[in-house]
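Following: one structure in structure tokens, then a few remarks.
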Amino acid sequence: MITKPLNYRVFQKMKSLFSNLQVAADFFHANQLPPVNIKYWLSGSHAFSDTEIDMVENYFGLNFRRPVIKEVRPLPDLVYEAIKQAGKAMILHAIYRNLKEKFPAMHFTRNSIHRILEEHPLISEYYFHSQHWYVIKQFESEWKSAQSGHVIDKIYEFIMEQRKPVHLDEIEKYLYYAYQLDQHQIRVIIKSDSKRRCVFVGKGYYDVSESGIKPSYKKRHYTINDRGNFFVDPHF
């Protein structure tokens, strides 16, 4: 059955194709139609028959009547592929936006994506810089290593700004809102720093190491009493 919407779609396509008169002439010649039919086909009031639509579809390789059914993979697979193809960790909003752009007709919400991320066996969650990040487990160690390098930079800069040894409690407070790391994780990150820029100096305090001191930064001289208090050289 040729409906009005279908008839209009065919008309619009013919109008576009037959803007090139040579294309129109070749089409009517190949289908043994009189050239005079062109003006009727492009009149906007012509009702196309099934035979005429078959001619158009076969000649131009078009499809007006048979819906194209695309195989859509399960949403969990699409979420996994989105992160994998990005080649990096992603936040929920970025994953949702990526899938909406690729599959605009597919129905899903941020909540449904979030549930998949929480339950997917091949995806890990990591809290970093005040946000939840999701990364493929296969690359989790590499990503965490890169983020650890960023954290140690922050610790080093923080101690340098204080210009004195800083207690682990203060470092934890400084990093908490951005990274939510506990003291054990902080100690591991400091110890794992290949440049050894920060060192443990006793009583829970950390200072910058000799190799980590900038040229404009003087070496401090201090002592620690039994209460863990530092006495810095007043000439510093």
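The values are calculated or read from the model by the stated rules, or taken from the named source; none is laboratory data. Everything numeric here is computed off the predicted structure, so don't read it as measured data. Cβ placement follows ideal geometry from the backbone for every residue including glycine, while neighbour counts extend to all protein chains displayed.
Numbers at a glance
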read-out: Region 149-163 residues that are under 11 Å from residue 175 (Cβ atoms), paired with ones that are among the hydrophobic types (A, V, I, L, M, F, W, C) and outside any helix (DSSP H, G or I) (beta carbon under 8 Å, 6 or more apart); value: 151/181; 152/198; 155/198; 158/166
read-out: Any hit, region 110-126, residues being of a type in the set (Gly, Ala, Ser) and modelled with pLDDT of 90 or more; value: yes
read-out: Condition met for residue 186 (of a type outside the set (D, E, K, R), at pLDDT 85 or above and under 30 Å from residue 86 (Cα atoms)); value: yes
read-out: Residue among 101, 52 that alone is acidic (Asp, Glu), surrounded by fewer than 15 Cβ atoms within 10 Å (Cβ to Cβ) and modelled with pLDDT of 80 or more; value: 101
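The rows are residues; the columns are (1) in contact with a helix residue (DSSP H, G or I) (Cβ under 7 Å, 6 or more places away or on another chain); (2) of a type in the set (D, E, K, R); (3) surrounded by 13 or more Cβ atoms within 10 Å (Cβ to Cβ).
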{"position": "78", "(1), (2), (3)": "yes, no, yes"}
{"position": "82", "(1), (2), (3)": "yes, no, yes"}
{"position": "93", "(1), (2), (3)": "no, no, no"}
{"position": "97", "(1), (2), (3)": "no, yes, yes"}
{"position": "120", "(1), (2), (3)": "yes, no, yes"}
{"position": "123", "(1), (2), (3)": "yes, no, yes"}
{"position": "135", "(1), (2), (3)": "yes, no, yes"}
